[in-house]
Amino acid sequence: MDCEASSHVSLGAALLGVLSHLTIFIRGEWHMQGRAIITTYSFLTIALLCAEYCRVNDFSSAIRAVWHVTGSYAAGLFSSIIIYRKYFHRLRHFPGPPLAAITKLWHVWKVLDGKNHLLLDELFKNYGSVIRTGPEELTIINAAIPHIIDGQKGQFTKATFYDIFLPNLTITAARNVDDHDARRRIWERGFSPKSLTVYEERIIHYAELLSTQIENLVYEGDSINNCKGAIINITDWISWFSFDVMGEFAFSRSFRMLQDRKWHSKIRLLVDGLGAVGAVSPVPWLAQLGMSIRPRMFLAKDWLSLLQWCRECMDERLQMKGERSDVSHWLVDAYIKNGSQQADRAWLDGDAATVIVAGSGTVSVVLTFAFYHLARDPPQRDRLFKEIKDIDIYDRSQLQNCTNLNAFINETLRLYPPVPTGGNRTTPPTGVTINNEYIPGGVTIVAPKYSIHRLESSYASADHFIPERWTTRQDMVKDNRGFAPFSLGKFGCIGKSLAMIEMRFVIALLLKKFKIEFQGSDKGEALFADLKDQFTFAPGDLLLRFRLRE
Ligand code: HEM
């Protein structure tokens, strides 16, 4: 091919790239098509290579020519995408980091350290309350936003992020509103007041086991090391407790972590797998691509092995004779009544895994930070102890009426919402107007609770832990609309009441029995240094000294 012909071909290929963007890729969602796109382009490249080889009868010239054409095509395609996103996109006038407007990969790079909550907070300080954090994404940090996206009138749907869990089917990831509503109706049967009373017995059982194990460690510490009390990593112990409880609710079996005083290998996989979800959550297409192309590699392999284990646990659960009063009972019931169809089995497995993840990774965060503040703030600890020491903590209604305890939990939920930045939604097709600003349809809205809960315009001394703002110092709450640790509306947390029962009881039980203090010079530095946002918060280690009260 002479030089002129070659440059015509390159120009044609580049124009074709621009055209593919403007006519095909500019529309709709493509994050689930990664594999199909790669297969199609590979096929076309090979076909082109064969055709060129037949024409010139020389392999290296054919490769050079195809390389030229594909390079030009890619240059046209990506230049068009970049120019469009930067200068013509409907979100172009929103401020934000320049690279964010072009690709979400900048976000992956930025959150490799797992500190997405801090990143979004910093962006808020630099760019204001509405920030373009992706080509099709706005992060909005404003007290009104939780009610706008999830309130009664909310027409918003779950955003593309949730497809990261596919092909796993679960209520949390159901983006189709009808599928979600149908699943939610089944779940709701498992959270009736009657069911909660039954679950409470299980919670009490495991909380007592936690308390007994700590007591054993205190005796072991006193006699073996001759040190006063037990120094324990509360982050681990609280996680073991909450996963053991959810094992009961999902599969009617304990993971025996409290008993064995160590992590169950599969639960460890789960925690590590969620770390990976945190890292790739800004680009669900990358996660899907990894899963479909290399399902047997690295974390994808661990994740699949975990799902397989959940399936096996559910097989055992289905074999159990007699009625089981766990959360899965209602999911299993629906599965059997529907004729035990394979499609329903996928929902059953996915939702059982959801019970474990949604029920443990959240409660454990609040309890860990609650114990951190109990150790850090002796006057708060003494005030709580005074409130609970003479009541029957096994009587749920008495605990429910403990105003200081409730305020303490609320303040922990405010500063450390277990889902700190997640809960992305998509605007309805007609778009919405927020604070006099029109936002078009189909845009992802991120409303990070971590930052919204720390707005100075909403809470006086917002970064400080002051439980009194919920009791005697209500003047310190200026605008409470943004407080939504459990989210709101039809996608809001279904386990809120269960979680509150669990958190109140564990705090009351351990506080009544133990004196809780920091250990030596460790004042919780690792807890914060290693704190990661991986959809739910994953706190670092926290060593505390537990001593028996006289
Ligand atoms: C402190 C404890 C908890 C907090 C702060 C919390 C918070 C949340 C939040 C923010 C959401 C919305 C997530 C989203 O939009 O993607 C959610 C959903 C959910 N939570 Fe919780 N949660 C807690 C405990 C629990 C417990 C104990 C369970 C029981 C198994 C549970 C089950 C669920 C389920 C099934 C959903 C999905 C609801 C739906 O999509 O309709 N959560 N939770």
Checklist outcome for this item: Expected output for the range 476-499 (first residue under 16 Å from Asn406 (Cα atoms), partner open to solvent by 40 Å² or more (accessible area, probe 1.4 Å) and near the ligand (Cβ under 6 Å from one of its atoms), Cβ below 8 Å, 6+ apart or cross-chain) is Phe486/Cys493; Ala499/Cys493
Checklist entry - Does Arg64 qualify as being outside any helix (DSSP H, G or I) and out of contact with any helix residue (DSSP H, G or I) (no Cβ under 8 Å at 6 or more places or on another chain)? => result no
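Every residue, every condition in (1) in a loop (DSSP other than H, G, I, E, B); (2) without any contact (Cβ under 8 Å) to a residue 40 or more places away in the chain; (3) surrounded by 15 or more Cβ atoms within 10 Å (Cβ to Cβ), yes or no:
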| residue | (1), (2), (3) |
| --- | --- |
| Leu22 | no, no, no |
| Gly76 | no, no, yes |
| Arg85 | no, no, yes |
| Leu99 | no, yes, no |
| Val108 | no, no, yes |
Checklist entry - Condition test on Glu200, is it modelled with pLDDT of 90 or more, more than 28 Å from the chain's Cα centre (by Cα), assigned by TED's automatic domain parsing to the domain that holds Leu543 and open to solvent by 20 Å² or more (accessible area, probe 1.4 Å)? => result no
Checklist entry - Looking at Val446, Val432, which one is in contact (Cβ under 8 Å) with a residue 12 or more places away in the chain, touching a strand residue (DSSP E or B) at 6+ places or on another chain (Cβ under 6 Å) and either at positive phi or more than 14 Å from the ligand (Cβ to nearest atom) (or both)? => result Val432
Item to check | Test: Ser451 is among the small types (Gly, Ala, Ser), in a helix (DSSP H, G or I) and within 28 Å of Arg92 (Cβ to Cβ) | outcome: yes
Item to check | Selection status of Leu44, within 30 Å of Gly441 (Cβ to Cβ) and either among the hydroxyl-bearing types (Ser, Thr, Tyr) or under 40 Å from the mean Cα position of the chain (by Cα) (or both) | outcome: no
Next on the checklist: If I ask for residues that are outside any loop (DSSP other than H, G, I, E, B) and within 8 Å of the ligand (Cβ to nearest atom), which ones from the range 407-424 would you list?
Outcome noted: Leu413
Checklist entry - Of all the helices (runs of 4 or more DSSP H) wholly in the range 327-406, which have at least 2 residues that are of a type outside the set (Gly, Ala, Ser), open to solvent by 60 Å² or more (accessible area, probe 1.4 Å) and within 16 Å of the ligand (Cβ to nearest atom)? => result 396-400
Item to check | Whichever residue in the range 312-326 is among the aliphatic types (A, V, I, L, M) and part of a helix (DSSP H, G or I) and, among such residues, is most open to solvent (accessible area, probe 1.4 Å) | outcome: Leu318
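The values are calculated or read from the model by the stated rules, or taken from the named source; none is laboratory data. These numbers come from a predicted model, not from an experiment. Methodologically, a virtual Cβ is constructed for each residue, glycine included, from the backbone with ideal geometry; neighbour enumeration extends over all protein chains shown. What goes into the accessible areas is simple: the full protein's heavy atoms, side chains included, and nothing from ligands, DNA or RNA. Shrake-Rupley method; radii C 1.70, N 1.55, O 1.52, S 1.80 Å.
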